[in-house]
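Contents: one structure, followed by commentary.
The values are calculated or read from the model by the stated rules, or taken from the named source; none is laboratory data. Because the structure is a prediction, the values reported are computed rather than measured. Cβ placement follows ideal geometry from the backbone for every residue including glycine, while neighbour counts extend to all protein chains displayed. To get the accessible areas, we keep the full protein, side chains included, count just its heavy atoms, and leave off ligands, DNA and RNA. Shrake-Rupley method; radii C 1.70, N 1.55, O 1.52, S 1.80 Å.
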Amino acid sequence: MLSGRSLERYATQEAKGFELYLSKVAEQKIRNHALAHMGEGKEVMGFLLGTVCRHQGREYTLVRDVATTDLDATAVSVRFDRSAFDKLFEELDSCDFKYVIVGWYHSHPSYTCFMSATDIQTQRTMFNQRYHSAIVIDPVNKEIEAFYLENDRVESRPFAVYWDEHQNPYYGRTVRARAVK
Ligand SMILES: [Zn+2]
């Protein structure tokens, strides 16, 4: 449920278009991943796989799926387990579309969505393209927010979730008409 302030922001943003679109599948995977480790109070993380698009001079990014592997995590830190990279590459290989890594997600179990100094450092060194986003999810407070760096300053990036490929603003070959009875 969006607050009055968020609804207002959403309406303004919807009018001019979003910079980031998240598929329902990706959103669900991120949420389930965070929820699965919420009980032990551990952070989770993964890559955002998607497409960078341009339409009428505007650039936007689609997150169509995510990839992750075994993690080395505590309540306040997380990284890929060093012995689990094979599994990560397998997961990336099994992705059925030509993807670009458009950012990363990680969770802050109970301590709200923001970019910590470590998160900013990660963003700066590994995700320094304009289309790179950092999605932070707090499964306890039920918050999710996307961020990016603009001249080294953390900015919030409004995003929309789309429900199926038919709504996908990327008019690729996977878009097909709904079956009509
Ligand atoms: Zn963080």
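Every residue, every condition in (1) surrounded by 12 or more Cβ atoms within 10 Å (Cβ to Cβ); (2) closer than 20 Å to residue 29 by Cβ; (3) among the aliphatic types (A, V, I, L, M), yes or no:
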residue	(1), (2), (3)
48	yes, yes, yes
57	no, no, no
79	yes, yes, no
85	yes, yes, no
111	yes, no, no
127	yes, yes, no
134	yes, yes, yes
160	yes, yes, yes
key: Failed item in (1) surrounded by fewer than 17 Cβ atoms within 10 Å (Cβ to Cβ); (2) in contact (Cβ under 8 Å) with a residue 12 or more places away in the chain; (3) among the hydrophobic types (A, V, I, L, M, F, W, C), with residue 117 passing the rest   = (2)
Residues that are within 13 Å of the chain's Cα centre (by Cα) and either open to solvent by 60 Å² or more (accessible area, probe 1.4 Å) or of a type in the set (A, V, I, L, M) (or both), drawn from region 33-46 = 34, 44, 45
query = Quick one: which strands (runs of 3 or more DSSP E) sit completely within region 68-181 and have at least 1 residues that are modelled with pLDDT of 95 or more and within 14 Å of the ligand (Cβ to nearest atom)?
reply = 100-107, 133-138, 143-150, 153-156
key: residue 67 vs. criteria touching a Ser or Thr at 6+ places or on another chain (Cβ under 6 Å) and closer than 23 Å to residue 121 by Cβ   = no
inquiry  = Testing residue 60 on (1) more than 15 Å from the ligand (Cβ to nearest atom); (2) more than 20 Å from residue 127 (Cβ to Cβ), one condition comes back false. Which one is that?
reply    = (2)
